[in-house]
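Here is the structure we will look at.
The values are calculated or read from the model by the stated rules, or taken from the named source; none is laboratory data. Small disclaimer: the values here were computed from a predicted structure and weren't measured. Virtual Cβ from ideal backbone geometry, glycine too; neighbours counted across all protein chains shown.
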Amino acid sequence: MKELVERIKKLYPEPTVELNFSNPFELLVALILSARCTDKRTNIITKELFKRYPTPKDLAEAPVEEIDKIISSCSMHNTKSKNLKALSEILVRDFNGEVPKSLEELTKLPGVGRKTANILLSMAYGIPAIGVDTHVKRLAYRLGISKSENPEGIEEDIKKAVPKEDWIVFYTGLILHGRRVCKARKPNCDGCPLNDICPKIGVK
DNA sequence: CTCCCGATAT
DNA sequence: ATATCAGGAG
């Protein structure tokens, strides 16, 4: 496990989110849109969305049909457009237009679950957290980091096994590795720098 | 557990 | 043709 952490840190030294954003609000919106949607498409959508509605106030006052039209090429756009408007209204009304900095407050927002909250806290505010998305879940399983099926269990296993100061760089490294090498459908084990220490659990 | 649900890779 | 894409709510 210690060796794995060092390798991930060396391979992906800089914590990175491949979603374009310039402030916590934009990251929050991008994360909500990115559910079951490629980051490439999310970035196309957010570019237009942020141009049209730059602030929580703008998005809160926007007609939901207009939001839906802009994000229509994204999966589950009907749900997401409603959530984005409702969430923006709450930010304006209860948080002075700012994005809150606690897991409890974030997960109360419509469309914001534990994964979105943890990634936002860590990448927008630098707060140590583990965001368990589809990549972290898959790699934690294949690499034998966690036997848990649910995200919270995986989150706890990683927190116990990795020093707190490495939480962010580790989970973001897993995500980058999952996107580039250890892909869901066709993992490139032959070209994988972790090949020699990976048990490849469940990999055909 | 089901529903949401467009684009893309395989 | 279908699995998958930075999931969450009911």
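Scan segment A:163-179 for residues that are assigned to a helix (DSSP H, G or I) and over 16 Å from the mean Cα position of the chain (by Cα) and the total you get is 3. Quick one: which residue in A:Lys115, A:Lys101 is touching a helix residue (DSSP H, G or I) at 6+ places or on another chain (Cβ under 8 Å), within 15 Å of DNA strand C (Cβ to nearest atom) and of a type outside the set (S, T, N, Q)? Exactly one of A:Lys115, A:Lys101 is touching a helix residue (DSSP H, G or I) at 6+ places or on another chain (Cβ under 8 Å), within 15 Å of DNA strand C (Cβ to nearest atom) and of a type outside the set (S, T, N, Q), namely A:Lys115. When A:Ile44 is tested against the conditions (1) within 16 Å of DNA strand B (Cβ to nearest atom); (2) not in a helix (DSSP H, G or I), the lone failure is (2). Scanning for something within 16 Å of DNA strand B (Cβ to nearest atom), surrounded by fewer than 16 Cβ atoms within 10 Å (Cβ to Cβ) and modelled with pLDDT under 95, does segment A:131-144 turn up at least one residue? No, every residue in segment A:131-144 fails to be within 16 Å of DNA strand B (Cβ to nearest atom), surrounded by fewer than 16 Cβ atoms within 10 Å (Cβ to Cβ) and modelled with pLDDT under 95.
Does A:Val99 satisfy the criteria of being assigned to a helix (DSSP H, G or I), farther than 22 Å from A:Glu155 by Cα, more than 11 Å from DNA strand B (Cβ to nearest atom) and of a type in the set (A, V, I, L, M)? Spelling it out, it is not the case that A:Val99 is assigned to a helix (DSSP H, G or I), farther than 22 Å from A:Glu155 by Cα, more than 11 Å from DNA strand B (Cβ to nearest atom) and of a type in the set (A, V, I, L, M).
In segment A:28-40 there is at least one residue that is assigned by TED's automatic domain parsing to the domain that holds A:Leu87, within 27 Å of A:Gly131 (Cα to Cα), out of contact with any Lys or Arg (no Cβ under 7 Å at 6 or more places or on another chain) and more than 16 Å from DNA strand B (Cβ to nearest atom). Selection over segment A:26-50 of residues that are free of Cβ contacts under 8 Å to residues at least 60 places away in the same chain and more than 8 Å from DNA strand C (Cβ to nearest atom) gives a count of 11. Within segment A:2-25, the set of residues being in a helix (DSSP H, G or I) and either within 7 Å of DNA strand C (Cβ to nearest atom) or in contact (Cβ under 8 Å) with a residue 12 or more places away in the chain (or both) comprises A:Glu3, A:Leu4, A:Val5, A:Arg7, A:Ile8, A:Lys9, A:Leu11, A:Pro24, A:Phe25.
Checking the structure you have, find out if any residue of segment A:70-92 is touching a residue at least 60 places away in the same chain (Cβ under 8 Å), part of a helix (DSSP H, G or I) and not hydroxyl-bearing (Ser, Thr, Tyr). Scanning segment A:70-92, I find at least one residue that is touching a residue at least 60 places away in the same chain (Cβ under 8 Å), part of a helix (DSSP H, G or I) and not hydroxyl-bearing (Ser, Thr, Tyr), so the answer is yes.
When A:Gly111, A:Gly97 are screened for being crowded, with 19+ Cβ neighbours inside 10 Å and not assigned by TED's automatic domain parsing to the domain that holds A:Arg142, only A:Gly111 passes. Among all residues of segment A:53-71, there is none that is crowded, with 19+ Cβ neighbours inside 10 Å and within 16 Å of the chain's Cα centre (by Cα).
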